[in-house]
Each structure stands twice: as structure tokens, then as C-alpha cells.
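**Q** Just dropping this structure here.
Only the coordinates and a few stated rules stand behind these numbers; no lab work does. Predicted, not measured: the structure shown is a model, and the values here were computed from it. All Cβ positions, glycine included, derive from the backbone under ideal geometry; neighbour counts span all protein chains shown.
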Ligand SMILES: NC(=O)c1ccc[n+]([C@@H]2O[C@H](COP(=O)([O-])OP(=O)(O)OC[C@H]3O[C@@H](n4cnc5c(N)ncnc54)[C@H](OP(=O)(O)O)[C@@H]3O)[C@@H](O)[C@H]2O)c1
Ligand SMILES: NC(=O)c1ccc[n+]([C@@H]2O[C@H](COP(=O)([O-])OP(=O)(O)OC[C@H]3O[C@@H](n4cnc5c(N)ncnc54)[C@H](OP(=O)(O)O)[C@@H]3O)[C@@H](O)[C@H]2O)c1
């Protein structure tokens, strides 16, 4: 029995996400053939060396010709450009989707450029690591991770079901959400944590009283967890900030307000207020462990946890 | 050959740190006998059930009688009280140390109470987890972690060497530091990260637009890493905040300034400034990996990393 979901799949962008898709599509036999396109000859060569697809080109339009599914996996700031490039070559009835970390901006960029003869269904797999490029991908990246689809009002239910089934075949659990709501949720669970991590690592490396080598040496005390997030791809995160500005500023504003109040409690030695906050937050952790999103073990579940899953 | 470093060791406080000490002292045979004292009958009973020591009491003064080494492992806000309680019963020439996460305040609390006939040498093992109590401890907690001793100007070099050798026998790497400098370093590598984590988890659980169950469901996107830190013991962290106020406020002030500037870059769409910050922070991560404090692997080194080590 064949597992083929789409006769030909085009992958535009072959970094962490694109190359993980290539690997899982190949492993599960989800496509008759895989066409790979990326911007630079260098990345394309590496994808070819890794044997990620069946055809390779730096011409995005060429890759999408005859494709039944097109997955755009480029930094969100480039999605409008890619849509313009591929628009005229898309096969009628094809599904076009993306994996970008912001949704409203991607829709605003891509939808006007795409022909109405294709099904445009934006998506976002909540799966990633702090690494990038074709070497960083692996077939298990999406296993048990959520993939959020943000269909448009006019989206064809059949095409939507087909795309959802594809992501499930990649190992994902599929959810649907309104694009604006997606952007708010991701602003708090992903974008703000990354920004805060970048910010604290920046602060720590600029101090006069404490040297950078001390920060590095004693990082295991809590700081280290932030450095992993803060080593994520700069282009991706610049684009996320520029393309989910309103939701991020909203969450940043709330965070800063709360921080000012925490600062005040410390300044005035208000132990009860501190104790109250430090107790309240434990419930969230318990919820995450109960929801199976983390393992409760004395080694932080790092040995037992499903490997290779993390930030996005 | 005997490994005995001290004929009798008294452990005051038998939570995560105290019970980990009991376990490693036992495993390595570092003491002739271990006397255990803790505040509550309940915790004492549990310590006895776990067989952590040779004698058990809720009377701190009783435990220290005849002891050659006394290790105080209680929340830093209680160290002054403990010093007062044990002062009159300390054996002349004994070494008294602690494991508190702040040092200047512990010294200010304990030193005036202790007799000059004992060697008071404050210390802080940079090893911990987000769990507490006698069940949470394990003998490997200190393996390859730093233990910072902050000797006073009058500290006897021989006593200092003896204490350092003891911590090394527990698996630690020993460092010396000025207490004030310790407090600044820990404010940035440990205290600020924990506060920021508590704060963001607090912010996330208070939103109207995004439900707590959505935050939990999608936490793997970055947020989850913060919840581990934010589930640490509230009493310990309240005491840390109240006892390292100046250094923490200093670091919080810098963090907030930097965050305001980041916010401004997002508001004005200054992609170059964002890109610059997001690039600069990667060097710190590289430094940590090179220093052997973290493993560089696609699964974040969680499988390969020395297990059970973490925050403090
Ligand atoms: N990383 C995560 O954790 C994560 C998680 C979920 C979603 N996402 C989203 O997934 C997307 C891709 O991220 P990634 O981590 O896979 O990034 P990546 O590893 O840096 O790869 C990006 C890929 O996009 C290509 N590219 C850039 N501009 C292009 C253009 N104009 N035309 C064609 N190809 C172009 C790059 O090509 P060259 O190398 O040839 O320049 C590269 O192949 C982003 O939208 C991101 O928001 C990321
Ligand atoms: N947790 C970490 O990650 C970590 C890392 C490095 C250093 N530290 C420092 O280590 C110290 C202990 O932390 P922990 O994590 O071991 O805490 P813990 O697991 O909560 O245990 C605290 C222990 O102190 C006892 N205690 C409290 N007040 C006391 C008093 N007045 N007299 C006698 N015993 C008293 C408690 O007794 P009862 O249960 O009987 O009330 C309990 O046995 C703190 O100063 C902390 O800053 C912690």
C-alpha cells in the first residue's frame, strides 16, 4: 500500500524546517517526488550532497511547476517575495502552505500574490531547534509536536483535510486557529521567551562588574537555559519581530509592567508578595507536566524526554 | 585507607542540599558519623526513614556538639537564627560553613553570632534542581559543579584547605571569591534568570487574550524552559531576593534598560539593531559549550549531558 499523499511536493527553502520535511517525506514515502529550491547555490549544493530531494534548483518558480503541494520554509520576511516568484507557475488546484512563525503578516504578504486557482493554507509547525541550515534537520523533528493551521474563511475543507493528513503523516498533531489568535498565542509562548532570552544574554555580556568569562563559567546556575534560546537564528528572529510587532509589543508591555511590580517588591522587601508570585507560577509547571509536554524527573527529564524537540 | 575528612559532621537542614551532602558523605565515607538536625519533626522523620545519618534531632545545638564540621543548609533568611542557636555548643576548632545562595548577607547574619574559637568559612555549591526536601537530594548533585568559598580576611588557610578538600571529595570543583563579588556574579547568572522566569510565567498566566491551557499546550515553543526555573522553591527564592537586594536591583535595572531599547527597536522596525543583538548573543553560547558547561548536540545535549545537574 502506498503512503503517497501528493504526487509531487516542492520545498521552497531547505533549512532546518525544509530539510526536516524532506527527510520525513522521504522516510514515510509521502511524495512521488520532491523538488527542492533554495536561494543560494551553496545551500542547494549541500541539499544535493545530503540527497534530500529528487530535483534541485535555485529558481523557485521552476520547482513549483507540476507540484501538488508547495511548502514555503523561508524566514517570514521573505514569504511575499517567494509568493510573487512562484505565482505564475503554480499548478491549478495545488495546495500552497508555509511554516512561518507568524501568520497574519505571512497571509498579508502571500495571499494577494497567489492565484485563486490554488489553495493557500498557512501553517506553523511548533517544532524547531536553535540550529539552522540543511544539516540541522532531522526526520523526527515534528513527532508529537503541534502543527497549527490557520485556514482562511474561503479555504476549501477538502484541501484543508488533505494538508492536515499530510502533517499527521509527518508525525504532528494538527490544530486549527485564527491567524490573529495564533500570533497572540505565539507571542507569549515563543516570541517573548526568545526576546527575553536574547535580552538577558545581551545584558550579561555587557557588564563591567562581572566578566564574560565568569558568566560563561558559572552559567549552569540558571543562565545557561537562556543562552540556548538566544543562540537561535538571527534572521529568523529579526523577521519574527518585524512581522508580529503588535502582539509582541503587547506582551512585552505586560511583562515589563509585571517586572516593575516585582522590582518594587524586592526594593521594599515585600516578602509576602514575592512568595505569592513564586508559588503561583508552580501551577503552570504542573500543568505542563500533566499535559505531557515535559517530564517530571530529578534530572529535569532531559534523559527521558523525547529527544530533539524544543523551541521554535 | 580511610577517606574520613572529619570525625563528625553535623548537617543543619536536610532538604535538597543537606540530603545530597548526607548521601555523598556516606557514599564516599567522608565522615566517622553524620548528625542531622532540621526544624520540623516531619522532615526529620523522613530523613530517618531514608537513613541519611547516624543521629537525628530537631535541636540544632544538640547536633553540633562534638562536630568537627557543621554545614548549615537552610534558606538564607534563617541562617542568623541557626547561628544563634548553635553558637554556644560549637566545639573549639570546628569548621562552620553554609551553602546559601547569597554570601554577604549570610556573613552579616552569622559571623557576629559565632564564637571566634571556630573557623567560619561561608560557601555556596553551584548545584541544585527545582526540587526541595530530603527526597529530592542525590549523591551526584555536586559532581563537576563549582563550589564557591568566600573566606573572610581572618580565615585560617589550613581550615580553608581542609574545607576545600572536603568539597572536592564530594565531587565539586572549588573556587574562591570575595563575598560581594560572589553576590554580583550570582545576581546575573542565577538570581536574575530565576526572577525573569518567575515573571514571564506570571505574566503568561494572567492574560485575558490567551488562556492558561493554551500556554500549557504550546509551551514547548520556548516558554517551557522558563517554567522549570519558575517552579523552584518559593521560600528559598524569597530569601534570595530579600538577601541580595542591591545586586539584584542593579542587574534588574540594567536588564530593564536593555529591554526598553529592544522594545524601541521592535516598535520602530529597526531590523539592523535586532539582527545585531541576536548575533552578538550567540558568542556567549559558544563560550559555554567550549567551556564544557553544555553540550552542543541537535537534541540540545539533553541525552548526552551529565544528568541531574542544573539551576541553583
Ligand atoms: N527554526 C525554528 O525553530 C522554526 C520553528 C518553526 C517555524 N520556523 C519558521 O520556519 C521558517 C524557516 O526557518 P528555518 O529554521 O528552516 O530557517 P533556516 O534553517 O535558516 O533556513 C531558511 C531557508 O530559507 C531559504 N531562503 C531564504 N530566503 C529565501 C528566498 N527568498 N527564496 C528561497 N529560499 C530562501 C534559505 O536559503 P539559503 O540558505 O539558500 O539562503 C534556507 O534554505 C521561518 O519562517 C521560521 O519562522 C522556524
Ligand atoms: N535548591 C538549590 O538549587 C540550591 C542550590 C545551591 C544552594 N542552595 C541554598 O541551599 C540552602 C538550602 O536549600 P535547599 O534547596 O536544600 O532547601 P530545602 O530543600 O527547602 O530544605 C531546607 C531545609 O532547611 C530546613 N530549615 C529551614 N529553616 C530552618 C531552621 N530555622 N533550622 C533548621 N532547619 C531549617 C528545612 O527544615 P524543615 O523541612 O524541617 O522545615 C529543610 O530541611 C538555601 O540557602 C539555598 O539558598 C540551594
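**Q** Can you give the mean number of other chain Cβ atoms that lie within 10 Å of the Cβ atoms in peptide B:270-277? All intermediate terms of the calculation are to be shown ahead of the outcome.
**A** Working: counts 3, 6, 1, 1, 10, 6, 3, 9.
Mean partner-chain Cβ count within 10 Å for B:270-277: 5.
**Q** Highest GNM mean-square fluctuation, chain A, Cα pairs closer than 10 Å: which of A:100, A:271, A:13?
**A** A:271
**Q** For chain A, calculate the relative contact order in percent as a whole number, restricting contacts to Cα pairs under 8 Å that are 6 or more residues apart. Each step should come with its number before you reach the end.
**A** Working: 520 pairs, mean separation 51.8, N = 312.
Reported relative contact order: 17 percent.
**Q** Provide an ascending nm list, one decimal, of label-point separations from residue A:88 to the equivalent residue in each further copy; define each label point as 7 Å from Cα along Cα→Cβ.
**A** From this label point to the equivalent ones elsewhere in the assembly: 9.6 nm.
**Q** Report the relative contact order of segment A:1-92, percent, no decimals, based on alpha-carbon pairs under 8 angstrom and at least 6 residues apart.
**A** Values: 171 pairs, mean separation 31.0, N = 92.
Across segment A:1-92, relative contact order equals 34 percent.
**Q** For chain A, with a Gaussian network of springs between Cα atoms less than 10 Å apart, report the residue from A:188, A:266, A:25 with the top mean-square fluctuation.
**A** With Cα springs under 10 Å in chain A, the top fluctuation among A:188, A:266, A:25 is at A:266.
**Q** Rounded to the nearest 500, what is chain A's calculated 222 nm mean residue ellipticity when only DSSP H runs of at least 4 contribute -39500 (n - 2.57) each, over all residues?
**A** On the way: 14 runs with 141 residues, N = 312.
One gets -13500 deg cm²/dmol as the mean residue ellipticity at 222 nm.
**Q** Could I ask something else about it? Just want the ordering: B:203, A:102, A:57, from fewest to most Cβ atoms lying within 10 Å of their own Cβ.
**A** Numbers: B:203 22, A:102 27, A:57 16.
By the 10 Å Cβ count, ascending: A:57, B:203, A:102.
**Q** Right, next: Sort A:208, B:168, A:154, B:294 so the one with the fewest other Cβ atoms within 10 Å of its own Cβ comes first.
**A** Details: A:208 5, B:168 14, A:154 9, B:294 21.
Lowest to highest Cβ neighbour count: A:208, A:154, B:168, B:294.
**Q** Give me the percent of Cα-Cα pairs in chain B that sit more than 38 Å apart, rounded to a whole number.
**A** On the way: 9454 of 48516 pairs.
The proportion of pairs with Cα distances above 38 Å equals 19 percent.
**Q** If you don't mind, there's one more thing I want to ask. What average count of beta carbons from other chains do you get within 10 Å of the Cβ of residues in A:229-235? Please report the intermediate quantities before stating the final value.
**A** Working: counts 5, 7, 10, 5, 3, 9, 5.
Average neighbour count from other chains, rounded to a whole number: 6.
**Q** Of all DSSP beta bridges in the protein assembly as shown, what percent run antiparallel (nearest 5)?
**A** Working: 6 of 52 bridges.
Percentage antiparallel, nearest 5: 10.
**Q** Quick one: grab the alpha carbon gyration tensor of segment B:181-280, order the square roots of its eigenvalues as a ≥ b ≥ c, and give me rounded if a/c is under 1.5, else prolate or oblate depending on whether a/b is larger than b/c. Don't skip to the end; give the middle numbers.
**A** Numbers: a/c = 2.12, a/b = 1.10, b/c = 1.92.
The shape class here is oblate.
**Q** Please find the FRET efficiency linking residue A:117 to residue A:249, where r is the Cβ-Cβ separation and R0 is fixed at 35 Å, and quote it to the nearest 0.05. Each step should come with its number before you reach the end.
**A** Details: r = 37 Å, r/R0 = 1.06.
According to the calculation, E is roughly 0.40.
**Q** In which sequence would B:142, A:226 go, from the one with the fewest C-beta neighbours within 10 Å to the one with the most?
**A** Values: B:142 25, A:226 29.
Ranked by crowding around the Cβ, least crowded first: B:142, A:226.
**Q** Please compute, over every Cα-Cα pair in the protein assembly as shown, the percentage with a separation greater than 36 angstrom.
**A** Details: 81070 of 194376 pairs.
The proportion of pairs with Cα distances above 36 Å equals 42 percent.
**Q** Can you give me the distance in nm between label points at residue B:45 and residue B:286, each placed 7 Å from the Cα along the Cα-to-Cβ direction?
**A** The modelled label-to-label distance comes out at 5.7 nm.
**Q** Rounded to the nearest 0.05, what FRET efficiency do residue A:268 and residue B:256 give with R0 = 22 Å and r taken as the Cβ-Cβ distance? Could you check? Let's see the in-between values first.
**A** Values: r = 17 Å, r/R0 = 0.77.
According to the calculation, E is roughly 0.85.
**Q** Return the Cα extents of segment A:6-177 along principal axes one, two and three, sorted largest first, each rounded to a whole Å.
**A** For segment A:6-177, the Cα spread along each principal axis is 41, 34, 29 Å.
**Q** Treating the angle as unsigned and between 0 and 90°, give the value, to the nearest 10°, between the Cα long axis of helix A:245-267 and the longest Cα principal axis of chain A.
**A** Approximately 10 degrees, to the nearest ten.
**Q** Now for a separate question. Can you give me the angle between helix A:192-204 and the longest principal axis of chain A, using Cα atoms only, in degrees from 0 to 90, rounded to the nearest 10?
**A** On a 0 to 90 degree scale, this one is about 50.
**Q** Could you tell me the center-to-center distance, by alpha carbons, between segment A:157-221 and segment B:157-207 in angstrom?
**A** Taking the Cα centre of segment B:157-207 as reference, the centre of segment A:157-221 is 27 Å away.
**Q** As I understand it, the value is the acute angle between the Cα axis of helix A:234-243 and the longest principal axis of the Cα atoms of chain A; what does it come to in degrees, rounded to 10?
**A** For A:234-243 against chain A, the angle is about 90 degrees.
**Q** Whole angstrom only: what separates the Cα centroid of segment A:73-131 from the Cα centroid of segment B:1-79?
**A** If we compute the Cα centre of each part, the gap is 62 Å.
**Q** Here's something else I'd like to know. Averaged over its residues, how many other protein chain Cβ atoms are within 10 Å of peptide A:123-129's Cβ atoms?
**A** Numbers: counts 0, 1, 0, 6, 2, 3, 4.
Neighbouring Cβ atoms belonging to other protein chains average 2 per residue here.
**Q** Once you sort the root eigenvalues of the Cα gyration tensor of segment B:79-194 as a ≥ b ≥ c, which label holds: rounded (a/c under 1.5), prolate (a/b larger than b/c) or oblate (the other case)? Please list the in-between numbers first.
**A** On the way: a/c = 1.45, a/b = 1.38, b/c = 1.05.
It comes out rounded by the Cα gyration axes.
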